[in-house]
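The values are calculated or read from the model by the stated rules, or taken from the named source; none is laboratory data. It should be emphasised that the depicted structure is a prediction, and the values quoted were computed from it without experimental measurement. Here Cβ is always computed from backbone atoms with ideal geometry, including for glycine, and neighbour counts include all displayed protein chains. Please note that ligands, DNA and RNA were not included when accessible areas were found on the heavy atoms of the full protein model with its side chains. Shrake-Rupley method; radii C 1.70, N 1.55, O 1.52, S 1.80 Å.
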Amino acid sequence: MSEAYPQLFSPLRLRHLTLKNRIVFGAHTANMSEEGLPGERHLAYYRERARGGAGMIVVEPVPVHRTAVLTRGNFLADDDAIVPHFRRITEEVKSHDCAIIQQLYHVGAHGDWDSSFSESWSPSGQPSMHDSDGSHAMTGRQIEEVIEGHIAAARRAKDAGFDGIEIMAAYSALLEQFWSPFTNRRDDKWGGTFDNRMRFSQSIYDGIRKACGDDFVCGVAVSIDPGAEIVQSVEMLQEVTAWHDSRGLIDYITIGRGSYWGFTRIIPPAFEQAMKGEEFAGRLRSVCEHAKVQCEARVKTPENGERIIASGTADMVSIVRGQIADPHLANKARLGKASSIRPCVSCNQQCIGRRHRDYWISCLVNPSAGREFDWGGDRITPSDNPRSVLVVGGGPAGLEAARVAAERGHGVRLVEREDHLGGQWRLASLQPRRNEIADHLTWYGLQLSNLGVAIDTGIEMDAGMVREMGVETVIIATGARPPMNGYQRSMPEQDSLPGIEKGDACSVNDVLSGAVMPGKRVLVLDDIGAWPGNGTALKLAEAGHDVVLVAKDAYIAADMGRVTSDGAMRKALATAGVEMRPASAVVSWTGDAATVRHLATGVEQTQPFDTLVIAETPVPNEQIWRDLEGSGLDVHVVGDAMAHHKASGAIYDGRRIAMGL
């Protein structure tokens with residue numbers, strides 16, 4: 001038991017299991033299947049979290065029926081071929097004294113024809129909230145077929161060595177669609193009265209218990225979505241929970257937040273800073289006599305977990321993104337090393353962001369996520385050839401390169417031209433709602449200090465200075481700079497914005513660093529559609545500036561859609577009073593006015609402004625590494641110094657290069 005987190009690391013009896021602690025690596029779609037089967041990537045991903053000390057792992061959902069397939073990366077539905085492959089995972093996870101559960105799911109009306117090649121089955125044939133499709137109201141015989149699908153999937157999980165199953169009712173999935181009178185309009189034995197609406201889930205759990213025996217955990221995942229109470233209010237959910245608990249149908253219930261009516265709330269982005277499920281977990285626990293309750297939804301740290309368990313709000317906590325960012329979170333907390341836990345920054349870039357693009361998931365701050373099978377887990381092995389390494393540049397690529405090179409046993413010196421480490425990553429932390437990036441930079445500072453990395457700030461290196469350092473290996477991480485030409489992708493024939501040379505124009509970096517104080521009336525030209533332009537516009541508006549935001553895309557913050565932050569950003573901008581002009585371009589700047597063209601109609605409007613702030617694609621600071629070509633030094637270029645990417649690309653580059661030294 002941990003002295004710092006005594007409740008979090010106390011054992012918990014869960015049916016026939018005794019969990020060593022209350023930390024669960026909850027279900028989420030890692031999207032790692034290979035032709036519908038779990039392979040080496042999937043095995044290594046879960047093995048690392050078991051090695052890291054989690055008390056229980058809930059493996060991502062398996063569709064229970066052909067109509068339940070939702071993603072390309074889903075595992076095979078209704079196929080025993082998955083059993084031996086999953087058995088490798090369960091045996092490995094259990095060898096680390098970690099329980100392992102498999103989630104089963106069917107999202108009912110909200111399916112995806114492009115993945116299932118089937119109509120979506122639902123209780124009453126209501127429209128999908130996933131896309132523009134409708135759904136098919138199941139016949140009684142089809143309901144029985146889906147019930148049998150759940151039971152068969154649980155039997156396969158048992159055969160594969162899982163300790164139990166968790167059925168996803170959360171986020172408006174099929175079980176919840178039967179429970180709620182809003183989505184269940186049936187007038188047969190499967191609908192109408194409360195008991196009839198419970199019949200579907202009761203039949204599933206009764207069938208699973210009969211098929212899998214007493215030594216098998218049966219859980220359920222639910223969610224609450226304030227704003228969509230018509231679907232499932234907390235009072236309704238309490239009634240459903242108490243009904244199942246009193247009949248011994250479930251051993252635990254985990255509650256998250258969000259739904260297909262509020263999809264972005266399922267994996268809360270940076271806009272939602274506080275934990276969101278604590279109150280609701282407590283409401284469910286108050287009606288449970290037997291079932292254990294698990295709290296999720298932005299529970300990311302051991303401190304969060306300890307407080308929740310100690311308060312009696314819940315029996316377990318699901319920490320997903322926190323353990324993607326640092327798979328050894330549990331062991332570090334238990335051993336009193338919580339300050340060394342790599343923090344999640346709620347960016348959603350490589351987890352749900354990659355998942356939305358149908359890739360296997362990873363992590364911005366931890367590029368080993370999803371690559372554990374190839375990189376030996378989330379660990380750094382010592383080098384057989386220690387050497388002296390100079391890292392030029394202290395942005396995210398340089399920080400990660402310096403950290404990993406030092407962990408490998410190299411003597412590392414990092415030189416940064418600014419007075420602060422962090423580069424553009426530090427500037428990003430100064431935008432509203434992005435304070436967690438500062439936590440990440442603090443973590444880097446502690447890591448580099450503990451590893452003995454020599455750090456010099458306020459020194460701008462050139463190739464001659466690098467040669468004079470007398471080092472064997474140089475990592476160039478000089479980042480990128482705003483070109484300040486006002487190039488817009490909507491007008492690719494123009495290399496620069498007409499009139500840009502007339503002054504009173506600056507970059508978002510200038511604003512965030514404090515180098516430029518814009519006037520009252522500000523035009524933000526956003527050619528990126530992500531945090532740089534939108535976050536800066538928000539910062540200016542909240543500081544009292546009158547802001548007009550122009551973007552080429554059909555809607556503002558378009559690139560933030562992949563990380564489920566675009567809607568929250570538009571709401572924040574509107575609340576702050578930003579005038580948003582999507583599908584537009586700035587066709588000229590005079591130094592005190594701009595002409596803006598609506599791209600669809602061609603209508604132009606000229607308006608006075610005090611300052612033009614530009615968010616555009618940075619260009620590499622490449623002079624040093626180009627000057628070092630042919631020098632005989634072992635030179636490596638990482639991150640934006642080669643070509644601009646998001647921070648995830650920079651950190652990946654730094655890790656990859658340093659691991660090879």
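Are any of the residues in the stretch 545-561 in a loop (DSSP other than H, G, I, E, B) and of a type in the set (Phe, Trp, Tyr)? Step through it out loud before you land on a result.
First, the residues of the stretch 545-561 that are in a loop (DSSP other than H, G, I, E, B): 545, 552-557.
Next, only the ones that are of a type in the set (Phe, Trp, Tyr) stay: 555.
Yes, the stretch 545-561 has at least one match.
Of everything in the stretch 495-528 that's without any contact (Cβ under 8 Å) to a residue 40 or more places away in the chain and part of a loop (DSSP other than H, G, I, E, B), which residue is most open to solvent (accessible area, probe 1.4 Å)?
Met517
Could you tell me which residue of the stretch 557-586 is surrounded by the most Cβ atoms within 10 Å (Cβ to Cβ), considering only residues that are among the polar types (S, T, N, Q) and more than 17 Å from Cys347 (Cα to Cα)? Don't jump to the end; show me each part of the working.
Step one: of the stretch 557-586, the residues among the polar types (S, T, N, Q) are 564-565, 575, 584.
With the extra rule that they be more than 17 Å from Cys347 (Cα to Cα), the set shrinks to 575, 584.
Details: Thr575: 11, Ser584: 25.
If we take residues in the stretch 557-586 being among the polar types (S, T, N, Q) and more than 17 Å from Cys347 (Cα to Cα), then Ser584 is surrounded by the most Cβ atoms within 10 Å (Cβ to Cβ).
Which residue pairs have Cβ atoms under 7 Å apart, sit 6 or more places apart or on different chains, and have a first residue in the stretch 308-326 that is open to solvent by 10 Å² or more (accessible area, probe 1.4 Å) and a second that is among the aromatic types (Phe, Trp, Tyr) and not in a loop (DSSP other than H, G, I, E, B)?
So the pair list comes out as Val320/Phe25.
Identify the residue in the stretch 47-69 that is part of a strand (DSSP E or B) and touching a His at 6+ places or on another chain (Cβ under 8 Å) and, among all such residues, is farthest from Ser122 (Cα to Cα).
Taking the stretch 47-69 as the starting set, the residues that turn out to be part of a strand (DSSP E or B) are 56-63.
Now narrow it down to the ones that are touching a His at 6+ places or on another chain (Cβ under 8 Å): 60, 63.
Details: Glu60: 22, Pro63: 15 Å.
Ranking the qualifying residues of the stretch 47-69, first place goes to Glu60.
Could you tell me whether the stretch 361-374 includes any residue that is farther than 24 Å from Trp425 by Cα, part of a loop (DSSP other than H, G, I, E, B) and not small (Gly, Ala, Ser)?
No, there is no match, as no residue in the stretch 361-374 is farther than 24 Å from Trp425 by Cα, part of a loop (DSSP other than H, G, I, E, B) and not small (Gly, Ala, Ser).
Among the residues in the stretch 254-268, are any modelled with pLDDT of 80 or more and open to solvent by 10 Å² or more (accessible area, probe 1.4 Å)?
Step one: of the stretch 254-268, the residues modelled with pLDDT of 80 or more are 254-256.
Restricting the remaining residues to those that are open to solvent by 10 Å² or more (accessible area, probe 1.4 Å) gives none.
Scanning the stretch 254-268, I find no residue that is modelled with pLDDT of 80 or more and open to solvent by 10 Å² or more (accessible area, probe 1.4 Å), so the answer is no.
Kindly list the number of the only condition in (1) hydrophobic (A, V, I, L, M, F, W, C); (2) open to solvent by less than 30 Å² (accessible area, probe 1.4 Å); (3) not in a loop (DSSP other than H, G, I, E, B) that fails for Leu661.
If we test Leu661 against (1) hydrophobic (A, V, I, L, M, F, W, C); (2) open to solvent by less than 30 Å² (accessible area, probe 1.4 Å); (3) not in a loop (DSSP other than H, G, I, E, B), just (3) comes out false.
Free of Cβ contacts under 8 Å to residues at least 24 places away in the same chain, open to solvent by 40 Å² or more (accessible area, probe 1.4 Å), farther than 30 Å from Asp315 by Cβ and assigned to a loop (DSSP other than H, G, I, E, B), is that true of Asp114? Lay out the reasoning, then the answer.
Values: free of Cβ contacts under 8 Å to residues at least 24 places away in the same chain: yes; open to solvent by 40 Å² or more (accessible area, probe 1.4 Å): yes; farther than 30 Å from Asp315 by Cβ: yes; assigned to a loop (DSSP other than H, G, I, E, B): no.
For Asp114, the condition - free of Cβ contacts under 8 Å to residues at least 24 places away in the same chain, open to solvent by 40 Å² or more (accessible area, probe 1.4 Å), farther than 30 Å from Asp315 by Cβ and assigned to a loop (DSSP other than H, G, I, E, B) - is not met.
Check the stretch 405-416 and report whether any residue there is touching a Gly at 6+ places or on another chain (Cβ under 7 Å), among the hydrophobic types (A, V, I, L, M, F, W, C) and in a strand (DSSP E or B).
Among the residues of the stretch 405-416, at least one is touching a Gly at 6+ places or on another chain (Cβ under 7 Å), among the hydrophobic types (A, V, I, L, M, F, W, C) and in a strand (DSSP E or B), which makes the answer yes.
What number of residues in the stretch 412-458 are of a type outside the set (A, V, I, L, M), under 23 Å from Ile380 (Cα atoms) and either touching a residue at least 40 places away in the same chain (Cβ under 8 Å) or surrounded by fewer than 17 Cβ atoms within 10 Å (Cβ to Cβ) (or both)? Break it down stepwise before answering.
Filtering the stretch 412-458 down to residues of a type outside the set (A, V, I, L, M) leaves 413, 416-420, 422-426, 429, 431-436, 439-440, 442-445, 447, 449-450, 452, 456-458.
Cutting the leftovers down to under 23 Å from Ile380 (Cα atoms) gives us 413, 422, 439-440, 442-445, 447, 449-450, 452.
Keeping just the survivors that are either touching a residue at least 40 places away in the same chain (Cβ under 8 Å) or surrounded by fewer than 17 Cβ atoms within 10 Å (Cβ to Cβ) (or both) gives 413, 439-440, 442-445, 447, 449-450, 452.
Number of matching residues: 11.
Within the stretch 72-111, can you find the residues that are modelled with pLDDT under 90, open to solvent by 10 Å² or more (accessible area, probe 1.4 Å) and either among the acidic types (Asp, Glu) or farther than 29 Å from Arg49 by Cβ (or both)?
Correct list: Asp78 only.
Are any residues in the stretch 117-134 out of contact with any His (no Cβ under 8 Å at 6 or more places or on another chain) and surrounded by fewer than 24 Cβ atoms within 10 Å (Cβ to Cβ), and if so, which ones?
Within the stretch 117-134, Phe117, Ser118, Ser124, Gln126, Pro127, Asp131, Ser132, Asp133, Gly134 qualify.
Under 7 Å between Cβ atoms, which residue pairs at least 6 apart in sequence (or on different chains) link something in the stretch 390-409 that is farther than 10 Å from Ala477 by Cβ with a partner that is among the charged types (D, E, K, R) and open to solvent by less than 10 Å² (accessible area, probe 1.4 Å)?
These pairs meet every condition: Val404/Arg655.
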